[in-house]
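Have a look at the structure below before the remarks.
The values are calculated or read from the model by the stated rules, or taken from the named source; none is laboratory data. No experiment lies behind these values; they were computed from the predicted model shown. Here Cβ is always computed from backbone atoms with ideal geometry, including for glycine, and neighbour counts include all displayed protein chains. Note: accessible area is taken over every heavy atom of the protein model, side chains too, but ligands, DNA and RNA are not part of it. Shrake-Rupley method; radii C 1.70, N 1.55, O 1.52, S 1.80 Å.
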Amino acid sequence: MSIPTNESTAGERARLGKAAREQASRSAHAAWDPPPDRRSPIEVLAEQDLTRVPDLVPVRYGRMLDSPFTFYRGAAAIMAADLAETPSTGLRVQLCGDAHLSNFGAFAAPDRRLVFDINDFDETLPGPFEWDVKRLVASFVVGGRDRGFNKRQRRGVALAATNEYRRAMRRFAAMRDIDIWYSRLDVDRIFQRWRSYVTKADRKRFNKNVAKARQKDSLRALARLTERRNGDLRIASRPPVLQPIEDFAEGQDSAEISARLKGLLAQYRGTLDQQSRRLAERYRYAHAGRKVVGVGSVGTRAWIVLLVGRDEHDPLFLQVKEAGASVLEPYAGPSRFRHHGRRVVAGQQLIQAAGDVLLGWLTAEGLDGEPRDFYVRQLWDGKGSAEVELMSLDALTVYAHLCGWTLARAHARSGDSIAIAAYLGKGDTFDTAIAEFAESYADQNEADYQTLIDARKSGHIEALTGV
C-alpha cells in the first residue's frame with residue numbers, strides 16, 4: 001500500500017505521485033473497452049451463488065432486476081473484474097471496494113452525533129485508489145439515468161463528485177496527519193452548508209430523513225422486528241426476509257440453541273477492546289434470527305441477535321454478517337488477514353472517522369458443518385440513507401460533493417494523500433476522464449442488466465421479485 005513513512009519527505013512523496021502519471025496517465029482513465037474475453041456477467045454472479053444460501057439466491061436476482069441501478073448495486077464482482085482491466089496508478093489505499101452512492105449514509109458516532117460516512121465494507125481491501133473513484137462516479141451516472149436526467153446533467157453530477165474528490169485530496173495533502181484523522185462530516189453542519197443549494201422539497205425531505213435516522217435504534221428495532229410468543233420477546237417470523245433461528249436449527253431445542261449462541265457471543269466479545277467488551281458483557285442473549293438485507297449481500301448468511309440489558313426496555317441488536325473473500329482479491333491480491341470478518345472490521349476502522357464501538361468478528365459452523373467467518377456490528381444505530389430515487393438534480397449534485405469529499409478523506413487516512421494529490425494535479429484532466437469512463441461504464445451496466453433479464457426469460461436463473 002502506498003502509505004507515507006517517516007523516512008519520506010513531502011517532496012519525495014509528491015514526486016512519487018507525479019511519476020505515477022507515466023504508469024497511468026490521467027486521461028487514460030477515460031477509456032472503457034470491454035476485452036474480447038470478458039466473462040459473461042451471469043457466469044460471475046453464478047460463481048458467487050455457489051457459496052450463498054440457495055433459497056435466497058432468487059431473492060437476490062429479484063432485487064437486482066428492479067432497475068439498472070439495483071443491478072449495479074449487486075454487481076461489485078462484475079465491476080471488480082472490469083476495473084482490473086483499466087490503467088492502474090499503483091497508488092494504493094484501503095479501498096471500500098464497493099463505493100457506490102448507496103453505501104454512504106448517516107449513522108450515530110460514539111459521541112452520539114450523526115455523521116456522514118461510508119457505511120459498507122464487505123469488499124474492503126488495499127488497492128489502487130482510482131478503483132473506488134470509478135465505482136462511485138459511475139454509480140452517480142447509473143443513478144442519474146434512473147432518475148431520467150439527460151447526459152449533460154449526468155456529466156455535471158459526475159464532475160461534481162470527481163472534482164470534490166480531487167480538491168479535497170489536495171487540501172488533505174496540505175494538512176497535518178492528525179487533523180486528517182479527526183476530519184469528519186457532521187450531518188448538522190452538512191445541512192447548514194448546503195441548504196441554500198437545494199429546493200425546499202429537498203430540505204424538507206432531508207429533515208425528515210435525519211429525524212428518521214435519529215429514531216432508528218435498538219428500541220425501534222425491538223418494535224419492528226420482534227413479537228411476543230408465550231410471553232417472551234422473539235424475532236418475528238416474516239419469511240423469507242425475517243425468520244427466527246428455530247426455523248434453521250432442526251433437532252435442537254431452545255436450550256441447545258441458546259448455549260451455542262452464548263458461546264459465539266463470548267468468542268465475539270474476545271475481539272473487542274477492553275471498554276467495548278465491558279459494555280457488551282452487560283447484555284444477555286435473548287433470541288436470534290435471520291434477516292435478509294441489501295442487494296449485493298442477499299444470499300450471504302446474515303443474522304440478527306437480540307440482547308437485553310437491565311430490562312426489556314434496554315435492548316441491543318447486533319448484526320452477525322458473513323464475510324467471505326473480497327471480490328477484489330483475484331485482482332488486488334489476498335488480504336493480510338486470514339479471517340475475513342477481521343478484514344472487514346480492520347478496513348472499516350481504518351476508513352471511517354467515527355465508527356461502531358461494538359465492531360468485532362467470530363467464526364461459526366454453518367448448518368452444513370462448514371466453518372464460516374462473520375463480522376459483528378450494531379444493527380441500527382442512527383442509520384440513515386439518501387433516497388436517491390427522489391432526489392432533484394440539485395440534491396444529487398450536492399450528494400455527489402459529499403460522497404467525493406468522504407471518499408477522499410477515507411483514502412487520505414489509509415494512503416499517501418501527498419502522492420495522490422500530486423498525481424491528480426490542479427487541473428480537471430482526471431475529473432473529465434473519470435466522468436467519461438462513468439458514462440461508458442453505465443452503458444456496460446445496462447447491457448449487463450439486459451443479460452440478466454434475458455437469463456431470467458430463458459429460465460437460466462430464477463428470480464423472486466417484490467421481496
Over the range 224-291, with every protein chain in place, what whole percent of the accessible area is carbon and sulfur at 1.4 Å, could you tell me?
43
Need the list of lysines near K262 for cross-linking: C-alpha distance under 22 angstrom, and skip anything on the same chain fewer than eight residues off.
K291, K321
Take the Cβ-Cβ distance between E387 and A10 as r, set R0 to 45 Å, and report the resulting FRET efficiency rounded to the nearest 0.05.
0.60
Net lengthening on full extension, E281/R113 (0.36 nm per residue, minus Cα-Cα):
58.0 nm
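Provide the FRET efficiency to the nearest 0.05 for the S254-E312 pair, computing r from the beta carbons and using R0 = 22 Å. Could the numbers behind the result be given before it?
On the way: r = 18 Å, r/R0 = 0.81.
Computed FRET efficiency for S254 and E312: 0.80.
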Please arrange R147, R166, R456 by accessible surface area, largest first, computed with a 1.4 Å probe and ligands excluded.
R456, R147, R166
Cα-Cα longer than 21 Å, checked against K204/K383; K151/K426; K151/K200, kept in input order, equals K151/K426; K151/K200
So A325 and D273, fully extended at 0.36 nm per residue minus their Cα-Cα distance, gain in nm 16.2 nm
Between T226 and residues 5 or more places away or on another chain, the pairs with built amide H atoms under 5 Å apart involve A236
Based on the mean of other Cβ atoms within 10 Å per residue, sort peptides 55-65, 211-221 so the most packed one is first.
55-65, 211-221
Can you give me the relative contact order of the range 199-355 as a percent, contacts being Cα pairs under 8 Å and 6 or more apart?
16
What angle, in degrees between 0 and 90 and rounded to the nearest 10, separates the Cα long axis of helix 429-457 from the longest principal axis of the Cα atoms of the chain?
40
Just to be sure I understand the model, the point goes 7 Å from the Cα along the line to the Cβ. What's the resulting R38 to R176 distance in nm?
4.8
Place a point 7 Å from the Cα of K18 along the Cα-to-Cβ direction; which residues of the range 416-431 have their backbone N under 18 Å from it?
417-430
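Express the relative contact order of the chain as a whole percentage, based on alpha carbon pairs under 8 Å and six or more residues apart in sequence.
Relative CO of the chain lands at 32 percent.
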I need the peptides 128-140, 187-199, 100-112, 385-397 ranked by packing, meaning the mean over residues of other C-beta atoms within 10 angstrom, with the highest value on top.
128-140, 100-112, 385-397, 187-199
Largest first, how would R170, R290 line up by accessible area (1.4 Å probe)?
R170, R290
